[in-house]
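To start, the structure under review is shown below, and the notes come after it.
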Amino acid sequence: MDLSEFEADNSVSCRLASAIPDVCKTQDCCLGIDEAGRGPVLGPMVYGICFCPVSKKEDLKNLKLADSKTLTEEQREDLFLKLDEAKSFVGWALQILSPNTISTSMLQRSKYNLNALSHDAAIGLVQFVLDSGVQLKELFVDTVGPAAKYQEKLSQRFPGVEVTVCPKADSLFPIVSAASICAKVARDHAVKSWTFPEDMGELDTNYGSGYPNDPKTKAWLLKYLDPVFGYPQFVRFSWSTAQTLLDSKAVPVHWDDDEEDGEKAAARQNNTSMLSYFKASAQQSDSRTPHRFFTERRLQSLHTL
């Protein structure tokens, strides 16, 4: 799988796709959606779709696909090659969400949570194949959040398409299994070939599975935590695992919030607020001579309004 487009700048998200089979533009098609890498604190999350004509469902089933999580890496690679060899009737597309995209989205002032990010990635991929001319008839999705609510959302967004959203769809529908394999293979490749734009010195790439409860992952996070700059972009710094380590091991930094009272912020930093200039004039006597700028214009200080 060629991820060179994403690898050229892994700080942003990227969409990759196979060629659209001609048969998918003339026959009713089914499409499956699944993701890989939702839970890890390291690396990207990848949304994958796979589609083929409804008439080819049995051919797809004969490839003996399964949920990517139940397969070894070698088995996933072999099955992806089989899908690629079936390009006369099978197509796929990926949305690779970089760790940087995930973290900045979740921590921005207008919160954009992981479920919303996932939904938008899935919807964007479906719209992509529709815009590419695929005659989509059936849509199968492994649920993110409440299945009924997500199914209703997709049905309203894509009228005329029969939508099925359910848990474990990747083990129930071969077309979703195919999407799961595409997504997992892409994530495996992205993590293995990750290029660190930061100067990491002699990098230890033994970071385990990337999941927060993996001892190897925890050890790697501790080893590469910079006390000032935090983590490289490979780490999802919005994850509680990373935030807890930053809070306990990194240099404390206070960021002034726009909503914080100016005088309180100044007092906390042992500075004088600009507002104190006006407050001081109210407390001092009027015996001092005002500047002629004020007297010429007959301006006086008001103590109360």
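Evaluated against (1) open to solvent by less than 10 Å² (accessible area, probe 1.4 Å); (2) assigned to a loop (DSSP other than H, G, I, E, B), N10 falls short on exactly one condition, (1). Among the conditions (1) closer than 22 Å to F158 by Cβ; (2) at pLDDT below 95, V23 misses just one, which is (2). For segment 83-103, the tally of residues that are out of contact with any strand residue (DSSP E or B) (no Cβ under 8 Å at 6 or more places or on another chain), part of a helix (DSSP H, G or I) and under 24 Å from G133 (Cα atoms) stands at 2.
Would you call E35 under 19 Å from the mean Cα position of the chain (by Cα) and open to solvent by 60 Å² or more (accessible area, probe 1.4 Å)?
Details: under 19 Å from the mean Cα position of the chain (by Cα): yes; open to solvent by 60 Å² or more (accessible area, probe 1.4 Å): no.
In short, no.
Taking segment 105-155, which residues are in contact with a Ser or Thr (Cβ under 6 Å, 6 or more places away or on another chain), closer than 28 Å to P53 by Cβ and either among the hydrophobic types (A, V, I, L, M, F, W, C) or open to solvent by 20 Å² or more (accessible area, probe 1.4 Å) (or both)? Result: F140, V144.
Quick one: E5 ticks every box in (1) among the acidic types (D, E); (2) out of contact with any helix residue (DSSP H, G or I) (no Cβ under 7 Å at 6 or more places or on another chain); (3) more than 26 Å from M106 (Cβ to Cβ) except a single one, so which number is it? Failed condition: (3). Of everything in segment 14-32, what is surrounded by 21 or more Cβ atoms within 10 Å (Cβ to Cβ) and part of a loop (DSSP other than H, G, I, E, B)? Give them in sequence order. Passing the criteria: only P21. Which number in (1) closer than 30 Å to K223 by Cβ; (2) open to solvent by 10 Å² or more (accessible area, probe 1.4 Å); (3) at pLDDT 90 or above marks the one condition that A183 misses? Only one criterion in (1) closer than 30 Å to K223 by Cβ; (2) open to solvent by 10 Å² or more (accessible area, probe 1.4 Å); (3) at pLDDT 90 or above is unmet by A183, namely (2).
Please indicate, with yes or no, whether at least one residue in segment 24-41 is under 15 Å from C182 (Cβ atoms) and of a type in the set (V, I, T). Checked against the condition, which is being under 15 Å from C182 (Cβ atoms) and of a type in the set (V, I, T), segment 24-41 yields at least one hit.
The residue list D9, D34, D28, D22 contains one member that is without any contact (Cβ under 8 Å) to a residue 24 or more places away in the chain and within 28 Å of K137 (Cβ to Cβ), which is D22. Filtering D188, D204, D170 for residues that are buried (at least 19 other Cβ atoms within 10 Å of the Cβ), of a type in the set (D, E, K, R) and at pLDDT below 90 leaves a single hit, D170.
Looking across segment 38-82, just one residue is open to solvent by 30 Å² or more (accessible area, probe 1.4 Å), touching a Leu at 6+ places or on another chain (Cβ under 8 Å) and in a helix (DSSP H, G or I), and that is K82.
The values are calculated or read from the model by the stated rules, or taken from the named source; none is laboratory data. Nothing here was measured: the structure is a model prediction, and the numbers come from that model. No Cβ is skipped: glycine too gets one built from the backbone with ideal geometry, and neighbour counts run over all protein chains shown. Just so you know, the surface numbers come from the protein's heavy atoms only, side chains and all, with ligands and any DNA or RNA stripped out. Shrake-Rupley method; radii C 1.70, N 1.55, O 1.52, S 1.80 Å.
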